[in-house]
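Working notes, beginning with the structure itself.
The values are calculated or read from the model by the stated rules, or taken from the named source; none is laboratory data. These numbers were taken from a predicted model, which means no experiment stands behind them. For neighbour counting, all protein chains shown are included, and Cβ atoms are generated from backbone atoms with ideal geometry for every residue, glycine included.
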């Protein structure tokens, strides 16, 4: 008889490489725990109204905890060098946006699936120009 339980594997630890692959895996990982919406939106949980009932208190507590659970998930799967880049962010959305800014390839160009930094592109151009003049 098949078991209904499924063990969620831990996501890859992000070391600064293969950002597009890591992003896909992290989105799936956070969706399993219903935390992806915390990353997508910068939302503030409104304060409790006066004289809340127990259910409202519990729901409010869960919503507040989601932000910290998401931050904790992200913190636990990055190496310390990466963590120091995001540790000043206050929200999971800020951290995610920082990842995009730093690692999505703002200063890199993709050519035939290969990723080139600005420095590497300059080297290739200089080499090809020099070959033509020889």
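The residues on offer are 132, 120, 85, and the sole one that is loosely packed, with under 10 Cβ neighbours inside 10 Å and either at pLDDT below 85 or part of a helix (DSSP H, G or I) (or both) is 132.
Against the condition modelled with pLDDT of 90 or more and surrounded by 14 or more Cβ atoms within 10 Å (Cβ to Cβ), how does residue 54 come out, does it pass? Criteria not met by residue 54. Quick check on residue 11: is it touching a helix residue (DSSP H, G or I) at 6+ places or on another chain (Cβ under 9 Å), free of Cβ contacts under 8 Å to residues at least 12 places away in the same chain and outside any helix (DSSP H, G or I)? It is false that residue 11 is touching a helix residue (DSSP H, G or I) at 6+ places or on another chain (Cβ under 9 Å), free of Cβ contacts under 8 Å to residues at least 12 places away in the same chain and outside any helix (DSSP H, G or I).
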